[in-house]
Structure formats: structure tokens, C-alpha cells
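Written below as C-alpha cells is the structure these notes are about.
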Amino acid sequence: MKTSNGIKKFALKQGINFLYRNPEKNLLKMMDLADKFAGDQFPSQRKVMREAMSDPEHPYYGYIRRLFHEIDPHVMKTTAINFFLNASLIGWSKQEETRQKYGCNVPWAILLDPTSACNLHCTGCWAAEYGNKLNLTFEEIDGIIEQGKAMGIYMYIYTGGEPLVRKKDIIRLCEKHSDCIFLCFTNGTLIDEEFADEMLRVGNFVPAISLEGFEEATDGRRGNGVYAKATKAMELLRKKKLFYGISACYTSANFESITSEEFFNKLIEMGAYFIWYFHYMPVGNDASPELLPTPEQRKETYRRIREYRSTKPLFAMDFQNDAEYVGGCIAGGRRYLHINANGDVDPCVFIHYSDSNIREKTLLEALRSPMMMAYHDNQPFNKNMFQPCPMLENPDKLRKMVAGTDAHSTDLQSPETADHLCAKCDKYAEHWAPVAEELWKESQERKAKKKA
Ligand code: SF4
């Protein structure tokens, strides 16, 4: 018998209230309830959660308890309902219906740039030079979310520019779409007491503060005093009992410190709940390919992050090396897409080639456009999940997709040809391939052992 969404929501709310009465005692009872309603969805994730809840030696045993004691209950409840129920359990079935009906990708999340404006002037970032010329209006963002929700998309992720230049609109959108969850990549410098109080009030806004490492590395790229402001924001978020994380881009220059145990421990000490690591991408005519990590650096990053993930209470994601958990590249609407401040619908936040603009097409039309369908028809781009990307590890795939469609560069400052971009990845792909093969073999062997 199918359980209606209303009943699921009611049951989850009751379950969370029950949990708050005595988290220690009721966590596992709550997990039983989740199993009952999830049916056959997310079995491995639920198994891991159960272990983390019951084993005091598990690194997440304390982390889970922190969620109940150190996060504001309204924020915790709203985040849990919007993320687990709306964006995952309920949203997924709606997305699947649309996928089947139209034979195209339908994402789980939409990344969007509310503005190209930024209050900082980071080295190598176009936003500062481009200024505040480009913005998605409140009505446009609202329209994207309305269209998204009709397809089961309840997860929205702001990038930029600096999204918090548009604080007021962002809070209005959180209020208007109180059933969605909003994640925001931000430099953190505009988070103040007043905004933190607004976050507490709406309960569905989660910042991911960008750091380049410790003070020297962060200020070196982002400007003097930025690290101090970002860490002040982190302290404020902790004090206000808000849920927040970190985003970190590793390059050949900063990989050693940004993936160090010292840095990781510092973030735990400061109360961060997650960190999202990104591999440097040589995107843009002015990009510096020498910042691409070497195969050895990438392999070491992969090992460190996996090690931390299984031993430390800070949830770490590794965007480029975690593809095996999600079946390869997630862009092109398979799990997400990106809409820039000009309305261009890019397949990925790093792949700025598009044949659709949200001011001219509906979201569904954009998902059925030749460029998005090229993603749909060619995913996964490689059988080896350590080579997921049509640009970084399989540059010929991106060359072909762009050549085979009317997709044009959507770079806001200096349009770059796909050939120019992909030429920066050819050598990288060649050098990474044998290491990827070794890692893939290891991973397959591990899986086979687990099954045996
Ligand atoms: S296009 Fe590349 S960077 Fe973007 S999601 Fe796919 S694999 Fe990752």
C-alpha cells in the first residue's frame, strides 16, 4: 500500500518531536520508522546511519547527537523535513515520473547564480570585474523554483558572484518556498547578526563558507582580512546554533594544507558540519592549468578525504572522486544543472556551454535541449568512476557534445571555445588515467570482498 505524502510528512514530524523528547533513547526507534516509510529507497545510506547511531566508537555517533543538542530545533526540523522528505523521498518519485514521461534528465538540485556581483576581488575570479551587471530577478528565481517543484525538485544551491549581496531576496525566497532547502556557497563576509537571526527564523538556509586553507592561503587569494571575517561568521553561526559547512577547492598549490589533518581538525573545532572539496578546474581563458593537481596529489587527496570520512566527525564530500557513489557525472540535469546570472542553463557549474536560456525556455524545454540530451545520452562518460568528467578526464567527449549541438560559451567575461578549454585537460587526462585505473581496480576488489 502506498503511503500518501501528507501522511509521510505528519509521521516524520511526529517522529522528530518524539526524538527531541529523548534523543539518546529514541534515535534507533526513529530509524525503524524511517525504514518503514522509505521502502526500498536508499538502503545502504540507511544501514550506515543505523551503525552511526548505535556504535559509540563510530565517528558519527557524537556528530548525530550534536545535531540534536547544538542545532536550533526549528532549523533542525525544517532541514530534516525539507532535505530527507521533500528533496529526497517525495521529490525523487516526482522526478522519476517526469524522467519517464519525457525521456530526459530531471535533476535533484538546481544551482543558480542570483547575481554576478561580489563584494570581494579574488585573484582569478571574473565576478569582481563583471560587477553587478547581471542578476536573476526575484521573479525569475521564484519562477525557476516553481517549475522545479512541479518536477519534484526541492533542493536549490546558490553560487555566484556572492549570493549574499542579495540577502533580502534570498530570505524572501526561503519564506516563500518554506518546503525547499537552500544551500549557499558564500565567502561568509556578509553574514552578520541580523542575517543569522533571519536564518534562524526561516530555518531552511544552509551556508557553505569558502576557504582556501588557513589565513595566509585564504587572504592570499581573497584579500587581507577575509579569513578573519569568514571565521568570525563561523563563530557567529555556531553561537546561534545554525547548521553550516565549508567549501574548499584543492589545487597543486594549496592541496597539502587544505587537505591536512590540522585544517580538518580546525574546522571540527569551529563547529562545521560538512566540508565539500572541489578539484580545481581550468575553466576560462585566463585559467592557470598549472594549478591542476598532479595525479599523485589527487590520489593523496582522495585517500586523505576517505580516511577522514571514516574516522572524523565532519562529513566530507569529494566532488571529483566520489563519482562512484552516484554513477558518474551528475551534471546535464542528471542530478543537477546550473543557471547563471544571465539566465543561461549550463549543464554543470564548471561547463559553460549552453543552448538554452531560462528567459526564453521553460526548465523542461531546457532539459530536453540538444546539449542536455547529449549529456543524457552519453552518461556515464567513462566506465571508470574515477574518470567521470566529459571535460577533465574525457575532454574529447565535451568537444564532441559542443560540436554536435548549438551550445555556445556562456562565459560572462571572455567566451572560451571548447577546444581551448579541453586542450588544457588533454595531458591531465592522459596522466591521470593509469592512476584512475589502479584506484578503480582497488575499489572493485573492495566491493567484491564486501559481497563475499
Ligand atoms: S561535468 Fe564534470 S565537473 Fe561537472 S558534474 Fe560532470 S563530472 Fe563533475
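Filter the stretch 131-155 down to the residues that are at negative phi, surrounded by fewer than 17 Cβ atoms within 10 Å (Cβ to Cβ) and at pLDDT below 95 and list them by number.
Asn132, Lys133
Which of the residues that make up the stretch 214-249 are touching a strand residue (DSSP E or B) at 6+ places or on another chain (Cβ under 6 Å) and not polar (S, T, N, Q)?
Ala230, Phe243, Tyr244, Gly245, Ile246, Ala248, Cys249
How many residues are surrounded by fewer than 23 Cβ atoms within 10 Å (Cβ to Cβ) and on the phi > 0 side of the Ramachandran plot if we restrict to the stretch 317-339?
Number of matching residues: 2.
The conditions are (1) within 16 Å of the ligand (Cβ to nearest atom); (2) in contact (Cβ under 8 Å) with a residue 60 or more places away in the chain; (3) over 15 Å from the mean Cα position of the chain (by Cα), and Pro293 fails exactly one of them. Which is it?
(2)
Limited to the stretch 340-383, what total is found for residues that are away from the ligand (no atom under 14 Å from the Cβ), open to solvent by less than 30 Å² (accessible area, probe 1.4 Å) and polar (S, T, N, Q)?
4
Quick check on my filter: what residues within the stretch 298-329 are free of Cβ contacts under 8 Å to residues at least 60 places away in the same chain and under 17 Å from Cys389 (Cβ atoms)?
Once the filter is applied, which keeps residues that are free of Cβ contacts under 8 Å to residues at least 60 places away in the same chain and under 17 Å from Cys389 (Cβ atoms), the stretch 298-329 yields Thr301, Met317, Asp318, Phe319, Asp322, Tyr325, Val326, Gly327.
Is the stretch 197-209 home to any residue that is acidic (Asp, Glu) and under 17 Å from the mean Cα position of the chain (by Cα)?
no
Out of (1) within 13 Å of the ligand (Cβ to nearest atom); (2) among the aromatic types (Phe, Trp, Tyr); (3) surrounded by fewer than 21 Cβ atoms within 10 Å (Cβ to Cβ); (4) within 28 Å of Trp108 (Cβ to Cβ), what's the single condition that is false for Trp440?
Against the list (1) within 13 Å of the ligand (Cβ to nearest atom); (2) among the aromatic types (Phe, Trp, Tyr); (3) surrounded by fewer than 21 Cβ atoms within 10 Å (Cβ to Cβ); (4) within 28 Å of Trp108 (Cβ to Cβ), Trp440 comes up short only on (1).
The values are calculated or read from the model by the stated rules, or taken from the named source; none is laboratory data. If you're wondering where the values come from, they're calculated on a predicted model, not measured in any experiment. So basically every Cβ, Gly included, is an ideal-geometry build from the backbone, and we count neighbours across all protein chains shown. Note: accessible area is taken over every heavy atom of the protein model, side chains too, but ligands, DNA and RNA are not part of it. Shrake-Rupley method; radii C 1.70, N 1.55, O 1.52, S 1.80 Å.
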